[in-house]
Every structure is written in structure tokens, then in C-alpha cells.
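Below is one structure, written out as C-alpha cells; comments come after it.
The values are calculated or read from the model by the stated rules, or taken from the named source; none is laboratory data. Here the structure is a predicted model, which is why all the values come from computation and not from measurement. Because the Cβ atoms are built from the backbone with ideal geometry, glycine has one as well, and the counts that use them run over all protein chains shown. Heavy atoms of the whole protein, side chains included, go into the accessibility calculation; ligands, DNA and RNA do not. Shrake-Rupley method; radii C 1.70, N 1.55, O 1.52, S 1.80 Å.
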Amino acid sequence: MTKKEYIEKELLSMTQTLMSLLLFPFGVLTILFLIILDYFVTPENFNKFLVYRLITASIILMLHFILKIKINKKLQTSVLILGTVAISTMVEMMILSFGGHQSPYYAGMIIVFIFILGFLPISINMALLVSSIVYGIYIIPILVFDNIINTKIFFNNNVFLLSFAFGGFAWRYYNNRLLLNKLSLEYDLEKSRNELRLYSERLEELVNERTRELKKSETMLKSLFEKANDTIILTDPEGRITNVNSKVKEQYGYEKEELIGQNILVLEKEQDNRLFLERYHRLLNGESLVYETTH
């Protein structure tokens, strides 16, 4: 998997999780919780707004379950646009029913901006599309159906909405940059870990192979050592016998255990060991030496 494919896969999965949470429980619960606001702000519209909220909450809940079907970019885009349209339309109907361009419910559009631009790791192009949908649903019906008599409030509301939109774009751009850098670093680290794991596995295989070869060599050398026609005696640099082959009993009459640990001088017949010690030191110094002696 290339770095680009990894980043796209992680973004898709992250967007799926966050969208699912924003739809339910946060989206549905926010819509229903604000029923309290309707009761105190505009009791005369309470029943009508309750219907709007229940219908919209049902749509959002349905989109939540549709999103659960599978992780798919086109499906995510469709659910995002439909959810945005559903919530924005609900808020706009409340705006038109209660004050029009002077309605305090325009703040609902700000909440939509915050939810979409603040939490979802969507691209700038998608953020622009969704924000345009939200703002279009807000401004077009007001221009068509509302009689704008208070231009100051109308101007103020639009400035606030556009400010939140541009601020959301800036946040989305900055957050996306951080997220892409993070995912890129994760990919590089994961790739390094995989390479290290493969190297470790190859190294382990090589060690096992060398161990098998070593055991095979040891078995062969041990066989040659034990079955040799000549007596073989191994010593350490101080002359202590460390191992002997089976031929030693035939030639010397000693058991293997009797000789191991003894000094090689125990086999010398001559009382004066200077000649033997001289030869022994020559062997220790790496000289190849063949000589006869009496044991």
C-alpha cells in the first residue's frame, strides 16, 4: 500500500467514525434538546417546531444507519450532503416562521457550520460545497419570501454567518495539514517497523540455518573425532586435557574420565619435560609441528 492509499484509507475510516457520532448521538440529541429553547423562545410555534425537529431527527437517525452499511467515500459524501440539507432546511423553516431575517434562529446555521467544519476531516472543496449549501438554504428563501425591513440585523446576521464559514475554512485547512502530516508520519513509522520485522525474520532464519549447519558440522566432526584410527587428545593452553577420543583407552589403558582435567605431562615418560614444553609453546605460537615421543 502506497502512502497516498494509506492516508486516503485512514481519512475515510476517521470520517466514517466522526460522521456516525455527529449524526447520532450528538446530532439527534442536539436537535431534540433544543426543543426546550422553542418552548421558552416561541411557545406559539412550539408544536410546529416540534414536528420539524422530530422529522429531522428521524432523517438524521436513518442516515446514521445508512452510513453503517459500509465504508465508502461516495456514500459518506451523499450522507453528509443529505444530512446538511435536512438540518439546514429545518433551521430555515424555523427562521421563516419566527422573525425571518431578524430571527435569532439564524444561530442554528452557525451550529451547523461548527459541526461540519469543526469536527469532520473533509477536504477544503467539500467544506466549500457544504458551506455553500448551508448559506444558500439560509439566504435564498429570505431574499425570496421575506420582507427585509431591518437591514442592520440582516447585514449583521450575514456577516456572522460568513465569518464563521471563513473561520471554519481556516480551521479546516490548518487541521487537515496537521492530520496529513500525522498520517504521513504514521505510515513512515509503520513501514520502518515492517522492514525491521522482515529483517528480524530474515535474520532469525539465517541464524537458524547457520545453527543447523553448525550442528551438522559438529556432528560430523564428533564422528570423525570418535572414530579416528589414531588417539586424539585436546588440551587448553595450560596443557590440561579437555577431551580425548575412544582410541585413548586402547592405546593408554585409561578411561576418558580419568584423563580429562589431567595435565598432558602425565603421559610423558621422560622426567625432563623441557623438550616437550618447548615443542608445546611452539605449537601454541601457531607453528605446525610433527614430532615423535615416547609415552
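Residues in segment 44-63 that are open to solvent by 80 Å² or more (accessible area, probe 1.4 Å) and of a type outside the set (A, V, I, L, M): 44, 47, 48.
Among the residues of this structure, residue 199 counts as one that is free of Cβ contacts under 8 Å to residues at least 40 places away in the same chain and over 23 Å from residue 87 (Cβ atoms).
Taking every residue in segment 1-19 that is under 18 Å from residue 67 (Cβ atoms) and pairing it with any residue that is open to solvent by 40 Å² or more (accessible area, probe 1.4 Å), at least 6 positions away or on another chain, the pairs with Cβ-Cβ distances below 7 Å are 12/71; 12/73; 13/71; 16/71; 18/119.
When segment 35-49 is filtered for residues that are aliphatic (A, V, I, L, M) and free of Cβ contacts under 8 Å to residues at least 60 places away in the same chain, the ones remaining, listed by number, are 35, 36, 37. Identify, please: which residue in segment 229-241 is of a type outside the set (Gly, Ala, Ser) and surrounded by 12 or more Cβ atoms within 10 Å (Cβ to Cβ) and is, among those, farthest from the chain's Cα centre (by Cα)? Step by step, filter segment 229-241, then rank; the result is 231. Of the listed requirements (1) surrounded by 10 or more Cβ atoms within 10 Å (Cβ to Cβ); (2) modelled with pLDDT of 90 or more; (3) over 56 Å from the mean Cα position of the chain (by Cα); (4) charged (D, E, K, R), residue 256 misses just one: (2).
Every residue in segment 104-129 that is buried (at least 22 other Cβ atoms within 10 Å of the Cβ), more than 14 Å from residue 171 (Cβ to Cβ) and among the aliphatic types (A, V, I, L, M), please. 109, 112, listed by residue number. On the stretch given as segment 199-228, residues that are of a type in the set (A, V, I, L, M, F, W, C), closer than 23 Å to residue 247 by Cα and open to solvent by 90 Å² or more (accessible area, probe 1.4 Å) total 3. Any residue at all in segment 43-65 that's in a helix (DSSP H, G or I) and touching a Lys or Arg at 6+ places or on another chain (Cβ under 9 Å)? No, that holds for no residue.
Within segment 276-289, residues that are within 12 Å of residue 237 (Cα to Cα) have Cβ atoms under 7 Å from residues that are surrounded by 11 or more Cβ atoms within 10 Å (Cβ to Cβ) in these pairs: 280/239, counting only partners at least 6 apart in sequence or on another chain. For segment 130-166, the set of residues classified as closer than 15 Å to residue 87 by Cβ, surrounded by 14 or more Cβ atoms within 10 Å (Cβ to Cβ) and of a type in the set (Gly, Ala, Ser) consists of 131 only.
Scan segment 269-281 and give yes if some residue there is assigned to a loop (DSSP other than H, G, I, E, B) and either under 21 Å from residue 225 (Cβ atoms) or modelled with pLDDT of 90 or more (or both), otherwise no. Within segment 269-281 (the criterion being assigned to a loop (DSSP other than H, G, I, E, B) and either under 21 Å from residue 225 (Cβ atoms) or modelled with pLDDT of 90 or more (or both)), the answer is no, since none of the residues qualifies.
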